[in-house]
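**Q** So that we are looking at the same thing, I have put the structure below in structure tokens.
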Amino acid sequence: GVVRLLAPNNSFTAGVQVKYARTLQVMSLADNGTPCSIGAGGGFPPNGMTAINLGSTDSQRGGTLAYIGTNDTSCNRQLTVLGLGSLSSGTMLNNSPNNSSLHFSDAGLMNFNSGEINCTLNLGGSAEATNIFDESIPNTANASSGVVGLAVIGSIWQLTGYHSYTGSTLVTNGTLLLEGNIGPAADLTVQKGGVLGGTGTINANVSVFTSGT
């Protein structure tokens with residue numbers, strides 16, 4: 001269930017898709033148009049795919065993209081989460097062995113498949129690094145029947161910008177540093193091992209469980 005792309009400068013120009021609960025580990029990430037493990041980007045992706053696609057429209061089992069490189073890196077490629085049903089999700093991990101940081105610098109909106117009922121974006125990893133996530137997290141396009149949620153499940157993730165998703169936010173065994181705005185949304189919960197910080201705005205109820213900070 002794991003594929004590793006160790007070449008640092010693959011030159012294919014379409015997107016990558018990870019689905020059926022599989023994991024793609026990549027040695028390098030870079031801005032659109034620059035070769036890295038997931039290609040150079042900049043070309044016209046087939047079948048409406050964007051640069052990074054997690055999940056598929058024929059399964060609830062999402063996909064995981066894990067960074068395993070050894071350098072601090074920035075990537076501005078569009079991120080799309082696809083799925084079918086109420087358990088759909090996409091996961092981004094920073095598993096850098098020497099705790100290098102990851103910066104998703106696209107200030108635009110993420111994409112979510114309009115057919116999803118509910119969907120969760122998971123941000124995690126084992127790296128002891130502060131990762132910056134600039135892409136805004138919208139609600140699913142199928143807003144009449146479902147919502148998007150966020151789970152921080154490892155590493156340290158700093159969110160900037162305005163996030164209009166209306167689902168719940170969960171912080172567990174990781175750190176969420178909010179410098180932007182969340183909501184109005186469902187409750188934000190800090191569970192055991194979770195840390196919530198920052199100077200942003202949370203338009204939701206906040207619950208901190210035992211051993212949460």
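The values are calculated or read from the model by the stated rules, or taken from the named source; none is laboratory data. None of the values given here were measured: they were computed from a predicted structure. Reconstructed Cβ throughout: ideal geometry from the backbone, glycine too, with neighbour counts over all protein chains shown. Only protein heavy atoms, including side chains, enter the accessible area calculation; ligands, DNA and RNA are left aside. Shrake-Rupley method; radii C 1.70, N 1.55, O 1.52, S 1.80 Å.
**Q** Looking for whichever is part of a loop (DSSP other than H, G, I, E, B), touching a residue at least 60 places away in the same chain (Cβ under 8 Å) and open to solvent by less than 50 Å² (accessible area, probe 1.4 Å) here; the options are 85, 146. Which one fits? I'd like the intermediate steps shown before the answer.
**A** On the way: 85 fails: touching a residue at least 60 places away in the same chain (Cβ under 8 Å).
The unique qualifying residue is 146.
**Q** Follow-up question, since we're still on this one. Report yes if some residue within the range 184-207 is closer than 23 Å to residue 82 by Cα and of a type outside the set (Val, Ile, Thr); otherwise report no.
**A** Scanning the range 184-207, I find at least one residue that is closer than 23 Å to residue 82 by Cα and of a type outside the set (Val, Ile, Thr), so the answer is yes.
**Q** Does residue 90 satisfy the condition of being open to solvent by less than 40 Å² (accessible area, probe 1.4 Å), out of contact with any helix residue (DSSP H, G or I) (no Cβ under 9 Å at 6 or more places or on another chain) and in a loop (DSSP other than H, G, I, E, B)? Spell out how you get there, then give the answer.
**A** On the way: open to solvent by less than 40 Å² (accessible area, probe 1.4 Å): yes; out of contact with any helix residue (DSSP H, G or I) (no Cβ under 9 Å at 6 or more places or on another chain): yes; in a loop (DSSP other than H, G, I, E, B): no.
It is false that residue 90 is open to solvent by less than 40 Å² (accessible area, probe 1.4 Å), out of contact with any helix residue (DSSP H, G or I) (no Cβ under 9 Å at 6 or more places or on another chain) and in a loop (DSSP other than H, G, I, E, B).
**Q** Also, quick follow-up: Can you name every residue in the range 93-135 that is open to solvent by less than 40 Å² (accessible area, probe 1.4 Å), at pLDDT below 90 and assigned to a strand (DSSP E or B)?
**A** Correct list: 112, 119.
**Q** Could I ask something else about it? Scanning the range 183-213 for residues that are aliphatic (A, V, I, L, M) and without any contact (Cβ under 8 Å) to a residue 24 or more places away in the chain, which turns out farthest from residue 161 (Cα to Cα)?
**A** Within the range 183-213, the match that is farthest from residue 161 (Cα to Cα) is 208.
**Q** Given the conditions (1) modelled with pLDDT of 95 or more; (2) open to solvent by 40 Å² or more (accessible area, probe 1.4 Å), which single one is not true for residue 212?
**A** In the conditions (1) modelled with pLDDT of 95 or more; (2) open to solvent by 40 Å² or more (accessible area, probe 1.4 Å), residue 212 misses (2) alone.
**Q** Out of 166, 189, report the one residue that is surrounded by fewer than 22 Cβ atoms within 10 Å (Cβ to Cβ), outside any strand (DSSP E or B) and not small (Gly, Ala, Ser). Before the answer, list the steps.
**A** On the way: 189 fails: outside any strand (DSSP E or B).
Result of the check over 166, 189: 166.
**Q** Same structure again: Among the residues of the range 169-186, write down those that are open to solvent by less than 20 Å² (accessible area, probe 1.4 Å), out of contact with any His (no Cβ under 8 Å at 6 or more places or on another chain) and either among the charged types (D, E, K, R) or assigned to a strand (DSSP E or B) (or both). Talk me through it step by step, then tell me what you get.
**A** Taking the range 169-186 and keeping what is open to solvent by less than 20 Å² (accessible area, probe 1.4 Å), we get 169, 171, 174, 176, 178, 180, 182-183.
Cutting the leftovers down to out of contact with any His (no Cβ under 8 Å at 6 or more places or on another chain) gives us 169, 171, 174, 176, 178.
Of everything in the range 169-186, those that are open to solvent by less than 20 Å² (accessible area, probe 1.4 Å), out of contact with any His (no Cβ under 8 Å at 6 or more places or on another chain) and either among the charged types (D, E, K, R) or assigned to a strand (DSSP E or B) (or both) turn out to be 169, 171, 176, 178.
**Q** Now, a different point. Which of the residues spanning the range 66-82 are touching a Gly at 6+ places or on another chain (Cβ under 9 Å), surrounded by 23 or more Cβ atoms within 10 Å (Cβ to Cβ) and part of a strand (DSSP E or B)?
**A** Within the range 66-82, 67, 79, 81 qualify.
**Q** Do we have any residue at all in the range 2-11 that's open to solvent by 40 Å² or more (accessible area, probe 1.4 Å), under 24 Å from residue 117 (Cβ atoms), of a type in the set (A, V, I, L, M, F, W, C) and part of a loop (DSSP other than H, G, I, E, B)?
**A** No, the range 2-11 contains no residue that is open to solvent by 40 Å² or more (accessible area, probe 1.4 Å), under 24 Å from residue 117 (Cβ atoms), of a type in the set (A, V, I, L, M, F, W, C) and part of a loop (DSSP other than H, G, I, E, B).
**Q** One residue is enough: does the range 29-52 have a residue meeting the conditions over 21 Å from residue 152 (Cβ atoms), open to solvent by less than 30 Å² (accessible area, probe 1.4 Å) and in a strand (DSSP E or B)?
**A** Within the range 29-52, one or more residues are over 21 Å from residue 152 (Cβ atoms), open to solvent by less than 30 Å² (accessible area, probe 1.4 Å) and in a strand (DSSP E or B).
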